[in-house]
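Please read the structure below before turning to the comments.
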Amino acid sequence: MPPKSAQSLPAEPPRAGQEEDREGLAAAEGDEIMEEADEVEEGYTSSTPTSTLTWITWFCSLPGHEYFCEVSEDFIEDDFNLTGLNTMVPFWKEAMEMVLDVEPEDEDASKIPDVSIVESSAEMLYGLVHQRYILTRAGLAAMAEKYENGVFGSCPRVYCVTCNVVPCGRSDMPGVDTVKLYCPNCNDIYVPPSSRFQGVDGAFFGTTFAHLFFQTYREHAPAPFWKAPTSGGSPLSPRSGLTGYVYVPRIYGFKVSERAKNGPRMQWLRLRPEDPEELDMVDWRGRWLDEDDEKEDRQMEDFDPDAVDGEEDDEEEEEEEEESAMPGQKQDRHCPSPRRLSPEGACDPGVSSIKCCTSHTSG
Amino acid sequence: MEDISTGSDSDYSSSWISWFLSSKGNEYFCEVEEDFILDRFNLTGLNNEVANYSQALDLITDNLDDDIQDELRGSLDVQARLLYGLIHARWIVTARGLQKMLEKYKRAEFGRCPRVLCHQQPLLPVGLTDIPYEKSVKLYCGRCEDLYSPKSSRHGSIDGAYFGTTFPHLLFLVYPTLIPPKSGPSDTGSSNREAASGDSRSRRRRDEAEIAEGGGEDINTATVALKAERYRPKIYGFQLHETAKLQRWQEAVRDRQIARLEALEEATRT
């Protein structure tokens, strides 16, 4: 259901009488008209002036267009907001007329070879404007309402529990990839569960929106990392209680050792620090600070990239030497226990059984 | 036997198992061979888990008397499903069971990973516990090594204990050559690509040769994590400070594990 918030925003100045009436009607009757719109879909008749439904409302109600919010016509009518788009959308004028439900001038109609071309242009135009609109205050608010209603669905990852996701593009240029879903808890992107979203261009949501959204509405961001450096409080906010778990594979109840070929290799991808201060133990190059104590004083001169390259190699060798010398102790010192790896946690008979298991099955 | 079953309840000519496998929502299950079920050793302890155990077992093996069938049929069916599920969990961690599930995995019958950067990696079913009636079945991705919920609610309501916590990990332990690469498109279960390449038969033969059990002594997975792709959130092309910081930390944890594994390998080689 497309929310009507775009239209009900108080900041909107009144516009020319006729259009305002039509929009008012659409907003009021939107819900009843929705079913009608589905029937009408194939014929695209709703873009004719006889319909009380605006093109935008109709477009947002199409199956597969659930992620779109309604862009206010004011935003589209302001040429500044459309800067640069006219070079990307063919049949610009006709597409604009279609999106804004303006009666086309009769003489021009003959020039258009096929109305479906204008329709795809209108979709492209609306999508690209939508990408810009959802970064504005009004657009973010409209998307926030959809987010709170769970329109975008929730993360498929088991340990993200029911964290809601937002639509996200992998490129700001159209035609690159379809829309994806971004989960603020695992900071990862997922394919929408339904195939009807596979026809929706990711550029219509853009690469920025998902992250600007959670910067704007921090209360929706369940991840503790963002408050870690500033507030310094406990990362276990009520909403993040369930979200820090990382799956631990087990065979007959025993953890699979990382020494096994099929041992865990990807837990880092989902791992969260227990304490925000742990994040500060890694410098801007991604190096543990206490691993090279002697070099700590050189941190400020690190910004010379050439020097860094040389350093990196040296340090890596050193690290390896150190690690092989006393692997167990090193680990404890550097990383105060990565947060509980699984809900069941505690008892873990260890590595040796898996080793047995390997030899048993292969032998 | 599988070929005969049409999936209709009235099809009494087919066995209970093939009826069960062909009914909707049971796509994740594979066929447990009758020999396995008839060997009572394999069923040790299950009589405590399942009410009407012996009748349920008779129903599964199509040995149930017709006169009992009418009275108990309803409740017995539930018990038979439970019993079959629990036997199934034991069956799929045997050599032949693993092979049957492997075929299903290669056809991507358990679905594909929803994570974009896993490039449609086929999934494997897994339970979060081995005790029935606790948690529904989840799907394990061998590429990102994480768990996902099945897309369809039909599969989302299957008991996870019918697959157990061990199965996917044992599969990759037994077939290390099948451990998915951390980057690039997925090879397993890409039936459409096989068809497109034309030489599907020769390819399959090569696959079968490759996945010989216990093979891949030369496989080294110590540094595979370095190849893993990850998503980097950006606003107007710039990374976010907090996320970038978290990701740097995560990658530092990864690098430390890799250093640890490489050192270990160095130690074992000399």
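All of the numbers you see were taken from the coordinates with simple rules; none came from a lab. Quick caveat, the model's predicted, so the values are computed rather than measured. Because the Cβ atoms are built from the backbone with ideal geometry, glycine has one as well, and the counts that use them run over all protein chains shown.
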Take the alpha carbon atoms of segment A:52-204, find their radius of gyration, then divide it by 2.2 N^0.38 Å using N residues; give the quotient. 1.11
What does a probe at B:Thr129 reach in segment B:142-172, counting residues whose amide N is under 11 Å from the point 7 Å along Cα→Cβ? B:160-161
What average count of beta carbons from other chains do you get within 10 Å of the Cβ of residues in B:219-228? 3
Rank these for me by crowding, A:Met143, A:Met124, A:Met281, going from fewest to most other beta carbons within 10 Å. A:Met281, A:Met124, A:Met143
FRET efficiency estimate (nearest 0.05) - Cβ-Cβ, A:Thr162 to B:Ser152, R0 22 angstrom: 0.80
Put in order of increasing Cβ neighbours within 10 Å, starting from the fewest, A:Asp74, A:Asp201 give A:Asp74, A:Asp201
Compute the distance in nm between two label points, each set 7 Å from the Cα along the Cα-to-Cβ direction, one at A:Thr87 and one at B:Asp62. 7.2 nm
Within 10 Å of each Cβ of B:173-182, how many other protein chain Cβ atoms are there on average? 3
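Pairs A:Lys180/B:Lys227; A:Lys261/B:Lys234; A:Lys180/B:Lys234: which exceed 26 Å Cα-Cα?
Exceeds cut-off: A:Lys261/B:Lys234.
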By Cβ neighbour count within 10 Å, fewest first, A:Glu97, A:Glu70 rank A:Glu97, A:Glu70
Within 10 Å of each Cβ in A:277-285, the average number of Cβ atoms from other chains: 3
